[in-house]
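Chemist: This is the structure I want to talk about, given as structure tokens.
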Amino acid sequence: MSFDDVISAEPIAVEPLLALDEYPECGGLAMFVGTVRDHHEGRAVSRLAYTAHGPLAAKIIREVEATTRARFGVPYCRVRHRVGELGIGDVAIVCVVRAPHRAEAFEACRYAVDAVKHGAPIWKEEFYVDGTSAFVEGCCIRDDFDDHAAHDHSHTSHDHA
Amino acid sequence: MKHVVFELFANLRKLAGTEELRVEAGDAVLSVGDALTLLARERPELAASLERCACVSGDTIVRRVDALPADGRIALLPPVAGG
């Protein structure tokens, strides 16, 4: 199964995702572009490495696209995520939504990005300027914690900025 | 003797120092949870991390109570950044 179109080892080309020649009923396009920032929880970051479980990550992203279209009544939603070595300012994720009006375009775009960030198995290893590195772990993908553990769903290192 | 092969990702791969771990499983190992218990016993340094991992067979999340996948392969997916 191919997932190269969703999970990309190459830089993501934004222009082909806009679908401006389609959807004449749409008067809105919302786009989110996530880029690599140079700090995390007070530490200076020099670069990142993204890795993924390709088959499940692609499946979840396709599901999020479909859910977004249905839930917000928008005809078009595309999400693309980079993997590999990224420098500061490099594009990590792109989400494009086309919608009849701007309100649902913004809402749908935000929903899709949050859903992919929380649910797709794509890991971020940060490399700090002091030469160390760490994986940022905030959200369990696991969904079968038993009842006593269900409330442990941890967001300790969870930065929504 | 059947085997279970665990595919490791992200920090778990770093902790274990390898991409795959193969464990010998007796006939009593029937579920995903049984296999994880076995792995935690063989590699106690990974036990705490295993608790927070999702288990995947192919492109599908499997639960601890599910039967061991027919191909004996389980991918272990640690938490993601989220933010």
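Residues are listed down the side, and each one gets a yes or a no for (1) on the phi > 0 side of the Ramachandran plot; (2) surrounded by fewer than 18 Cβ atoms within 10 Å (Cβ to Cβ); (3) acidic (Asp, Glu):
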{"residue": "A:Tyr23", "(1), (2), (3)": "yes, yes, no"}
{"residue": "A:Arg37", "(1), (2), (3)": "no, yes, no"}
{"residue": "A:His53", "(1), (2), (3)": "no, no, no"}
{"residue": "A:Ala57", "(1), (2), (3)": "no, no, no"}
{"residue": "A:Ala70", "(1), (2), (3)": "no, yes, no"}
{"residue": "A:His81", "(1), (2), (3)": "no, no, no"}
{"residue": "A:Ile88", "(1), (2), (3)": "no, yes, no"}
{"residue": "A:Val94", "(1), (2), (3)": "no, no, no"}
{"residue": "A:Ala103", "(1), (2), (3)": "no, yes, no"}
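Chemist: Considering only the stretch A:37-69, how many residues are of a type in the set (A, V, I, L, M), more than 13 Å from the chain's Cα centre (by Cα) and assigned to a helix (DSSP H, G or I)?
Modeler: If we filter the stretch A:37-69 for residues that are of a type in the set (A, V, I, L, M), which is where we start, we get A:44-45, A:48-49, A:52, A:56-58, A:60-61, A:64, A:66.
The next check asks that each one be more than 13 Å from the chain's Cα centre (by Cα); those that pass are A:44-45, A:48-49, A:56, A:66.
Then keep just the ones that are assigned to a helix (DSSP H, G or I); that gives A:56, A:66.
Looking only at that region, the number is 2.
Chemist: Let me spell it out: the conditions are (1) in contact (Cβ under 8 Å) with a residue 60 or more places away in the chain; (2) closer than 24 Å to A:Phe135 by Cα; (3) out of contact with any helix residue (DSSP H, G or I) (no Cβ under 6 Å at 6 or more places or on another chain), and B:Gly17 meets all of them except one. Which number is the exception?
Modeler: (1)
Chemist: Do we find that B:Gly82 is facing another protein chain (nearest Cβ under 8 Å), without any contact (Cβ under 8 Å) to a residue 24 or more places away in the chain and either farther than 18 Å from A:Thr51 by Cβ or more than 9 Å from the chain's Cα centre (by Cα) (or both) in this structure?
Modeler: Working: facing another protein chain (nearest Cβ under 8 Å): yes; without any contact (Cβ under 8 Å) to a residue 24 or more places away in the chain: yes; either farther than 18 Å from A:Thr51 by Cβ or more than 9 Å from the chain's Cα centre (by Cα) (or both): yes.
Yes, satisfied.
Chemist: Could you run through the stretch A:58-74 and say how many residues are touching a residue at least 24 places away in the same chain (Cβ under 8 Å), of a type in the set (Gly, Ala, Ser) and out of contact with any helix residue (DSSP H, G or I) (no Cβ under 7 Å at 6 or more places or on another chain)?
Modeler: Result for the stretch A:58-74: 1.
Chemist: Write out, first by first residue and then by second, each pair whose Cβ atoms fall under 6 Å of each other, whose residues are 6+ apart or on separate chains, and whose first residue, in the stretch A:34-57, is acidic (Asp, Glu) while the second is surrounded by 15 or more Cβ atoms within 10 Å (Cβ to Cβ).
Modeler: Short answer, once both residue conditions are applied: A:Asp38/A:Val45.
Chemist: Continuing with this model, one more query. Report, by residue number, each residue of the stretch A:8-34 that is closer than 21 Å to A:Ala115 by Cα and either aromatic (Phe, Trp, Tyr) or within 14 Å of chain B (Cβ to nearest Cβ) (or both).
Modeler: Scanning the stretch A:8-34 gives A:Phe32, A:Gly34.
Chemist: Then there's this: For the stretch B:42-65, give me each residue that is farther than 21 Å from A:Gly138 by Cα, more than 9 Å from chain A (Cβ to nearest Cβ) and in contact with a strand residue (DSSP E or B) (Cβ under 9 Å, 6 or more places away or on another chain).
Modeler: B:Glu42, B:Arg43, B:Ser57
Chemist: Could you please let me know if A:Val116 is crowded, with 21+ Cβ neighbours inside 10 Å, out of contact with any Pro (no Cβ under 6 Å at 6 or more places or on another chain), in contact (Cβ under 8 Å) with a residue 12 or more places away in the chain and within 12 Å of chain B (Cβ to nearest Cβ)? Even if it seems obvious, please write down each step before you answer.
Modeler: Values: crowded, with 21+ Cβ neighbours inside 10 Å: yes; out of contact with any Pro (no Cβ under 6 Å at 6 or more places or on another chain): yes; in contact (Cβ under 8 Å) with a residue 12 or more places away in the chain: yes; within 12 Å of chain B (Cβ to nearest Cβ): yes.
Spelling it out, A:Val116 is indeed crowded, with 21+ Cβ neighbours inside 10 Å, out of contact with any Pro (no Cβ under 6 Å at 6 or more places or on another chain), in contact (Cβ under 8 Å) with a residue 12 or more places away in the chain and within 12 Å of chain B (Cβ to nearest Cβ).
Chemist: Among the candidates B:Leu21, B:Leu8, B:Leu12, which residue alone is modelled with pLDDT of 95 or more, within 11 Å of the chain's Cα centre (by Cα) and more than 14 Å from chain A (Cβ to nearest Cβ)? Even if it seems obvious, please write down each step before you answer.
Modeler: Working: B:Leu8 fails: more than 14 Å from chain A (Cβ to nearest Cβ); B:Leu12 fails: more than 14 Å from chain A (Cβ to nearest Cβ).
B:Leu21 is the lone residue from the list that is modelled with pLDDT of 95 or more, within 11 Å of the chain's Cα centre (by Cα) and more than 14 Å from chain A (Cβ to nearest Cβ).
Chemist: Still on this structure, please answer the following. Taking the condition in contact with a helix residue (DSSP H, G or I) (Cβ under 6 Å, 6 or more places away or on another chain), in a loop (DSSP other than H, G, I, E, B) and under 30 Å from A:Ala99 (Cβ atoms), does A:Phe3 pass? Before the answer, list the steps.
Modeler: Values: in contact with a helix residue (DSSP H, G or I) (Cβ under 6 Å, 6 or more places away or on another chain): yes; in a loop (DSSP other than H, G, I, E, B): yes; under 30 Å from A:Ala99 (Cβ atoms): yes.
Judged against the criteria, A:Phe3 is a match.
Chemist: Which of the residues that make up the stretch B:38-83 are surrounded by 14 or more Cβ atoms within 10 Å (Cβ to Cβ) and assigned to a helix (DSSP H, G or I)?
Modeler: Once the filter is applied, which keeps residues that are surrounded by 14 or more Cβ atoms within 10 Å (Cβ to Cβ) and assigned to a helix (DSSP H, G or I), the stretch B:38-83 yields B:Leu38, B:Leu39, B:Ala40, B:Leu46, B:Ala47, B:Ser49, B:Leu50.
Chemist: Out of curiosity, is A:Ser133 closer than 19 Å to B:Lys14 by Cβ, away from chain B (no Cβ under 14 Å) and not charged (D, E, K, R)?
Modeler: Values: closer than 19 Å to B:Lys14 by Cβ: yes; away from chain B (no Cβ under 14 Å): no; not charged (D, E, K, R): yes.
Judged against the criteria, A:Ser133 is not a match.
Chemist: Just to be sure I understand the filter: pairs with C-beta atoms under 9 Å, separated by 6 or more residues or on different chains, first member in the stretch B:38-65 and under 15 Å from B:Lys14 (Cβ atoms), second member of a type in the set (S, T, N, Q) and in a helix (DSSP H, G or I). Which pairs pass?
Modeler: B:Ser49/B:Asn11
The values are calculated or read from the model by the stated rules, or taken from the named source; none is laboratory data. Remember, predicted model here, so these are calculated numbers, not experimental data. Here Cβ is always computed from backbone atoms with ideal geometry, including for glycine, and neighbour counts include all displayed protein chains.
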